[in-house]
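Report on the following structure.
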Amino acid sequence: MDGAARPLQDVPPERLFALCAHTGGPAPIELGWELANPCGVRGAVAFDAHGEPEALLLARPLRVWSGGAEGCFVHVVGFHDAGARPGGLGRRSTFQRLGAALVAFRSEEDLVYTGLPDEGAWRSAKAALEAEVVATQVVLRRAVAPASARPATERLETFDHQARWLWERCCGPWPVSVLRDDRYLNWITFARPGRGVEVHGVRDGDGILRAYAVVRPAGDELDIVDWLCPPDEPAVGEALIAGLEARARALGAGLLTAVLPPWSPWFASFQRAGFRVHPSDAFLAVRSLSRRHDSLWLRDHFWVQPLDLDA
Amino acid sequence: MHSRQLTRPVSSGPLSSARERPLPIDPKDLTIREYRPGDEVAILATFNRVFQEIDPGFEPRSLAEWRWQYLANPSGWRIWLAVDPEGGVASQYAGVGQRMRLAGGEGSFCQAVDSMTDPAYRRGLKRPGFFVLTAYPFAKKHGGPPPDHDTIVWGLPVPSAWRIGKTYLSYELVRTQLELAAPLEALELAGSHGCEVDELSSWPEEVGAFTAQALEPFGASAVRDAAQLDWRFVKNPRHDYVLARARRGSRWCGLCVYRKGAFDGKEDRGLLCDWVVSPGDDGARHALLAWARERAARDGAGELTLVLPDRAPDWLALQAAGFRAAPTRYFLTGRTFDRRYDMRWLRANWYYTLGDTDLV
């Protein structure tokens, strides 16, 4: 990285596609989907001495609601490097330089960078973004029960304005959460190339969406990657779980899993419903640009789901 | 890292106080040095004053208690102080030593506790403050690779200590600490398979061999020999504990230490302060739980509570017996002095219980 870094949005898509093809980054269709994010784009691109792109730090802004106002959390998606220039002996790596550039290019509304790194990415993220671990994750898991009554759920093929109604009914106790409306949800689920997820919901007699879950089949598991149900409506939650179990049985999955913040009432509710808490290797890492949203505060106040973290 | 169990959560820790006093002495005249015999009177005076100001439920610590916690610990003490010319203590960075079994060999960890700075010495000073300045020589002397140094300095810090520690002292998060709790009526116990439980007044010598064997699958665990366990649970001047051994004939298969008390802001809990069961011995686990349930019922405690790493096999086995996981205000942090033993390694390999901490 001999030239200056530039914001992702300043680089023509075809040059990004070529860079990604060269570095094993996302395919054009995937990168195109990132660039179509209704919340905008974030990222930094490094250039070599000849003015050719040589590395990309790709990030994904997510609109959040916090303290009565909208802002952005920026999820760091991946780093793709053709130059492979490591740091050391006082020299910053390309990742470190792009991390600094990403922060320098931030929008005024960007509050926090998030990531769910594996161990290799974590070492780099710690150095490049001055990231810190907020919380270690545990997974709620239970065996799929035998078939019972006919489930009262339906499979959704799109989200409409009711998604936001539902989120607004849920988000009151959440000091910060990704704003769930049809634009975000349709983009992150149905519009995603090779999406691999399904959405199941519960409606009442008037056709109002009372709860939904985004699930991803993964081997013997059906993973709940997004759960939205008012905690004071346990019967709706039970109906949704019953529907997901039926779907798991149809897919031949023996286990149902969820990742929920331990401070959420759903963490205890799922245990009452037979889920058990298992360890995992995952941890949420952040770099906060906001004094209010520091790591301790986020640990106890951020309603976050695997869907928000690309997990 | 101050893991004192404050009687209620505080947003700012023992490093701060609303009350400001005039600086009693020029900070340049303070000397940073290791503890010397006799310092404990001045340490306690500052300690009791600092913690009384931030914690209304604080009960002053006695000299006997201080000497027990530090000088009598078979694993040793670590204490660095900022001292004024009259011998007064302005700041302390201290730790309780832990002899460890580490990666199959001997090692040492240290739990940082009771760190403090007299609020009067926080005014007009450039960062870093005395908390950090006392921590630097502490780390230099004690931190390092096994077997002769503290490979990990760990703790359960209050927010202010965490913020300073991660900025200046390389503190990192090991784990968001959950607890396991079970109302007595929710326990679902199976047979003990011939395992019996008896209460002890002190720990016999063979406890060391048993715990070494039972905890062998873990890469890191504190040495639980008779000297260490007697110090922690029998000679403790503040709390009375009940010691239990599970055995088949003369063969040990588990141990449990119980007392009724407060944890994480909830009173009257049946605390399982230490918990070691031979791997896979369901009978021993159920026998000890049956014993603890009866103890707790007699005490009027409504539930049993313990803390374990979520990687321990008993984490899931206890959930099968009726325990449920719940969040606590605590988060386990560490600073490594050997890259082989980073936070990820600790998450996967370290066995600890409430008795490893100074919370119960």
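The values are calculated or read from the model by the stated rules, or taken from the named source; none is laboratory data. Keep in mind the model is a prediction, meaning the values are calculated, not measured. All Cβ positions, even for glycine, are placed from backbone atoms using ideal geometry, and neighbour counts span all protein chains on display. Keep in mind that these areas ignore ligands, DNA and RNA; they rest on the heavy atoms of the full protein, side chains included. Shrake-Rupley method; radii C 1.70, N 1.55, O 1.52, S 1.80 Å.
Let me confirm something: among B:219, B:129, B:165, which residue is touching a Lys or Arg at 6+ places or on another chain (Cβ under 7 Å) and either surrounded by fewer than 19 Cβ atoms within 10 Å (Cβ to Cβ) or touching a residue at least 60 places away in the same chain (Cβ under 8 Å) (or both)?
After applying the criteria, what remains is B:129.
Could you check, for the stretch B:182-194, whether at least one of its residues is within 14 Å of chain A (Cβ to nearest Cβ) and either under 19 Å from the mean Cα position of the chain (by Cα) or of a type in the set (Gly, Ala, Ser) (or both)? Checking the stretch B:182-194: at least one residue is within 14 Å of chain A (Cβ to nearest Cβ) and either under 19 Å from the mean Cα position of the chain (by Cα) or of a type in the set (Gly, Ala, Ser) (or both).
Before we move on, is residue A:228 away from chain B (no Cβ under 14 Å), under 17 Å from the mean Cα position of the chain (by Cα) and modelled with pLDDT under 95?
So residue A:228 fails the test.
Tell me which strands (runs of 3 or more DSSP E) are completely within the stretch A:93-167 and hold 2 or more residues being open to solvent by 10 Å² or more (accessible area, probe 1.4 Å) and polar (S, T, N, Q), or say none if there are none.
Numbers: elements: A:110-115, A:132-143, A:154-156.
It comes to A:132-143.
The residue list A:25, A:71 contains one member that is under 24 Å from the mean Cα position of the chain (by Cα) and part of a loop (DSSP other than H, G, I, E, B), which is A:25. Scanning the stretch A:258-283 for residues that are part of a strand (DSSP E or B), open to solvent by 10 Å² or more (accessible area, probe 1.4 Å) and more than 9 Å from every other protein chain (Cβ to nearest Cβ) returns a single hit, A:282.
Tell me whether the stretch A:234-251 contains one or more residues that are modelled with pLDDT under 95, surrounded by fewer than 17 Cβ atoms within 10 Å (Cβ to Cβ) and outside any helix (DSSP H, G or I). Scanning the stretch A:234-251 turns up no residue that is modelled with pLDDT under 95, surrounded by fewer than 17 Cβ atoms within 10 Å (Cβ to Cβ) and outside any helix (DSSP H, G or I). State whether one or more residues within the stretch B:318-327 are of a type in the set (A, V, I, L, M), surrounded by 24 or more Cβ atoms within 10 Å (Cβ to Cβ) and not in a strand (DSSP E or B). Checked the stretch B:318-327: at least one residue is of a type in the set (A, V, I, L, M), surrounded by 24 or more Cβ atoms within 10 Å (Cβ to Cβ) and not in a strand (DSSP E or B).
Checked against the criterion of being closer than 30 Å to residue B:158 by Cβ and modelled with pLDDT of 95 or more, the candidates B:290, B:284, B:301, B:246 yield just one match: B:301.
Residue A:300: within 30 Å of residue B:321 (Cα to Cα), within 14 Å of chain B (Cβ to nearest Cβ), among the acidic types (Asp, Glu) and in contact (Cβ under 8 Å) with a residue 12 or more places away in the chain, yes or no?
Considered against the rule, which asks whether it is within 30 Å of residue B:321 (Cα to Cα), within 14 Å of chain B (Cβ to nearest Cβ), among the acidic types (Asp, Glu) and in contact (Cβ under 8 Å) with a residue 12 or more places away in the chain, residue A:300 comes out as yes.
The one condition from (1) within 19 Å of residue A:133 (Cα to Cα); (2) open to solvent by 40 Å² or more (accessible area, probe 1.4 Å); (3) within 11 Å of chain A (Cβ to nearest Cβ) that residue B:335 does not meet is (3). If you go through the stretch B:288-317 and pick out every residue that is within 14 Å of another protein chain (Cβ to nearest Cβ) and open to solvent by 50 Å² or more (accessible area, probe 1.4 Å), you end up with 3. Among strands (runs of 3 or more DSSP E) entirely within the stretch B:141-210, having at least 2 residues that are not assigned by TED's automatic domain parsing to the domain that holds residue B:130 singles out B:172-183, B:196-200. When you check residue A:205 against the structure, is it open to solvent by 20 Å² or more (accessible area, probe 1.4 Å), free of Cβ contacts under 8 Å to residues at least 12 places away in the same chain and of a type in the set (Gly, Ala, Ser), yes or no? Considered against the rule, which asks whether it is open to solvent by 20 Å² or more (accessible area, probe 1.4 Å), free of Cβ contacts under 8 Å to residues at least 12 places away in the same chain and of a type in the set (Gly, Ala, Ser), residue A:205 comes out as yes. Scanning the stretch B:94-116 for residues that are open to solvent by less than 10 Å² (accessible area, probe 1.4 Å) and under 19 Å from residue B:157 (Cβ atoms) returns B:94, B:95, B:97, B:109, B:110, B:111, B:112, B:113, B:114, B:115, B:116.
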